[in-house]
Amino acid sequence: MVAIDVDEDRLEMMRAHGASLGLHAADLGFKSMRDQVRALADAREVPTWRRFLFETSGTPAGQNTAFGLLERGGYLSI
């Protein structure tokens, strides 16, 4: 599981609950986030059609990021 947030406390909580990767959105550009998410999924041999995104911020920036991370055959839940 990958967690992306702008709040370090929430990222720490998500890591404590099983997130393998916690990305601070304010510190990274979109391409860097996308590359890190892809690298983790590829390392674990997760095909694009088995990748699920859950966007829970409800913000335009969060939704744009989620749509940008969506790959062929992937699922997005908002």
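The values are calculated or read from the model by the stated rules, or taken from the named source; none is laboratory data. This one's a predicted model, so the numbers in the text were calculated from it and none came from an experiment. FYI the Cβ positions are ideal-geometry reconstructions off the backbone, even for glycines, and counts take in every protein chain you see. For the accessible areas, the whole protein counts, side chains as well, though only heavy atoms, and no ligand, DNA or RNA atoms are used. Shrake-Rupley method; radii C 1.70, N 1.55, O 1.52, S 1.80 Å.
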Net charge, His24 excluded, C-beta distance under 12 Å - Lys, Arg +1, Asp, Glu -1: -4
Carbon and sulfur %, accessible surface of the chain computed with the full protein complex present, 1.4 Å: 54 percent
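Rg/Rh for the chain to two decimals, with Rh computed the Kirkwood way over all alpha-carbon pairs.
Radius of gyration over Kirkwood radius for the chain works out to 0.93.
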For every other residue with a beta carbon closer than 14 angstrom to the beta carbon of Arg15, add +1 if it is Lys or Arg and -1 if Asp or Glu, then tell me the sum. -4
Near Arg50, within a Cβ-to-Cβ distance under 15 Å, what is the net charge of the other residues, with Lys and Arg +1 and Asp and Glu -1? +1
How far, in nm, would the chain grow between Asp7 and Phe54 when pulled straight, counting 0.36 nm per residue and subtracting the alpha carbon separation? 15.2 nm
When the chain is modelled as a GNM with alpha-carbon springs shorter than 10 Å, which of Arg44, Arg34, Arg15 fluctuates the most? Arg44
Using helices alone, I'd like the mean residue ellipticity at 222 nm for the chain: each DSSP H run of four-plus residues gives -39500 (n - 2.57), total over residue count, nearest 500. -13000 deg cm²/dmol
Compute, for the chain, the length of the dipole vector about the Cα centre, with Cβ point charges of +1 (Lys, Arg) and -1 (Asp, Glu) only. Units Debye, rounded to 20. 380 debye
With the charge dipole of the chain built from beta-carbon charges (+1 for Lys and Arg, -1 for Asp and Glu) about the Cα centre, the Cα from Met13, Val46, Gly58 projecting farthest to the positive end belongs to Val46
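Over the chain, calculate the relative contact order: mean separation of alpha carbon pairs under 8 Å at least 6 apart, over the residue count, as a percent.
It rounds to 23 percent for the chain.
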